[in-house]
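What follows is one structure encoded as structure tokens, with my remarks underneath.
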């Protein structure tokens, strides 16, 4: 199913703090305008430093019409309300239109590095699962 902004707004992942979004093919990033620089930094790193990942994500999106949804929440309590976990800093969950990844606004370069690693590992697991299922169907 092709993801739409209105369908995303009806999910539990949506937060009223998301007043800005960045859409590029398979990636949807939702954030508060206050965190625009962090969102752009993550986007840039995924596209330029992880080209193989980016190409795999684009290929998967073209085949499945599913997307990677990245939400940058202001605080851990905001993320815990959405993912039903006690004060997590990073969470991921599949849903009908793709993979939802929630992170908390970074406080340091070390946090950013951990978040990128989490985004990559969560997405890789999601992409590999689909690849394995698709291979069996063929």
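The values are calculated or read from the model by the stated rules, or taken from the named source; none is laboratory data. Note that this is a predicted model, so its numbers are computed, not measured. Note: ideal-geometry Cβ built from the backbone for every residue, glycine included; neighbour counts use all protein chains shown.
Residues in region 86-113 that are over 12 Å from the mean Cα position of the chain (by Cα), loosely packed, with under 15 Cβ neighbours inside 10 Å and over 17 Å from residue 31 (Cα atoms): 86, 87, 96, 108, 109, 110, 113.
Suppose the filter is within 14 Å of the chain's Cα centre (by Cα) and part of a helix (DSSP H, G or I); does residue 21 pass it?
No.
Might you check whether a residue that is under 17 Å from residue 12 (Cβ atoms), surrounded by 18 or more Cβ atoms within 10 Å (Cβ to Cβ) and at pLDDT 90 or above occurs anywhere in region 48-67? There is at least one residue in region 48-67 that is under 17 Å from residue 12 (Cβ atoms), surrounded by 18 or more Cβ atoms within 10 Å (Cβ to Cβ) and at pLDDT 90 or above. Taken over region 56-104, the residue count meeting the criterion of being on the phi > 0 side of the Ramachandran plot and outside any loop (DSSP other than H, G, I, E, B) is 1. So is residue 130 at pLDDT 85 or above and surrounded by fewer than 19 Cβ atoms within 10 Å (Cβ to Cβ) or not? So residue 130 fails the test. Of all residues assigned to region 25-35, at least one qualifies as being at pLDDT below 95, assigned to a helix (DSSP H, G or I) and surrounded by fewer than 14 Cβ atoms within 10 Å (Cβ to Cβ).
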